[in-house]
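The values are calculated or read from the model by the stated rules, or taken from the named source; none is laboratory data. Since the structure is predicted, the reported quantities are computational estimates derived from the model, not experimental observations. Please note: Cβ atoms are built from the backbone with ideal geometry, for glycine as well, and neighbour counts cover all protein chains shown.
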Amino acid sequence: MKLTIIGRQMTVGEDQKALAAKKLAKLDKFFGPDGEATVTFRYKKDKEIIEITIPYGGVLFRSEEEDATFQNALDTALDKLVRQIRKNKTRLEKRLHEGAFPEGEQPEEEETFFDIRTKTFPAKPMSVDEAILQMNLLEHQFFAFTNAEDDNRTCVVYRRKDGAYGLLIPE
């Protein structure tokens with residue numbers, strides 16, 4: 001697996017790079033040698049945070065964990081990625097390389113369908129500020145709307161973990 005290591009507002013040491021490479025080698029059985037992973041190291045107050053992102057076969061696998069040490073955060077993030085892959089094994093088999101899952105291995109949870117709740121809402125064109133206001137009034141984490149300022153495209157505003165807001169605009 002090809003590995004890209006990034007340090008946000010820090011320098012990643014050789015020992016941390018070697019540890020990440022060794023731990024991510026466990027994912028080679030799912031992605032093979034042509035898989036690419038990006039590992040981002042950063043600090044936030046007294047926590048050490050690791051983010052692992054793996055784009056593969058049109059699917060984006062991502063895990064972000066914070067812990068007292070990078071090693072603990074890396075272990076937790078890898079466990080989370082493996083659980084995601086195993087849980088969605090039947091859906092992912094077509095996208096991952098042949099032999100990624102040993103014969104007879106069962107996924108952790110076999111899901112044959114998603115429980116989807118459908119909701120309709122009036123889609124009047126509005127500005128981004130109006131959409132954020134509406135999202136906050138509804139106490140939701142995201143809000144889909146027709147953007148009056150951008151050719152009436154359907155966009156999504158969302159609340160980020162850090163309290164800021166994000167805007168998703170389709171290409």
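Looking at the range 161-169, is at least one residue in contact with a Ser or Thr (Cβ under 7 Å, 6 or more places away or on another chain) and under 20 Å from K119 (Cβ atoms)?
Taking every residue of the range 161-169 in turn, none turns out to be in contact with a Ser or Thr (Cβ under 7 Å, 6 or more places away or on another chain) and under 20 Å from K119 (Cβ atoms).
Looking at the range 92-107, which of the residues that are charged (D, E, K, R) and modelled with pLDDT under 65 is surrounded by the most Cβ atoms within 10 Å (Cβ to Cβ)?
Restricting to residues being charged (D, E, K, R) and modelled with pLDDT under 65, the top hit is R95.
Pick out, from the range 1-77, the strands (runs of 3 or more DSSP E) lying fully within it that include 2 or more residues that are buried (at least 18 other Cβ atoms within 10 Å of the Cβ) and either assigned by TED's automatic domain parsing to the domain that holds D162 or not β-branched (V, I, T) (or both).
36-44, 47-56, 59-67
With (1) out of contact with any helix residue (DSSP H, G or I) (no Cβ under 8 Å at 6 or more places or on another chain); (2) modelled with pLDDT under 85 as the list, and R42 as the residue in question, which single condition is left unmet?
(2)
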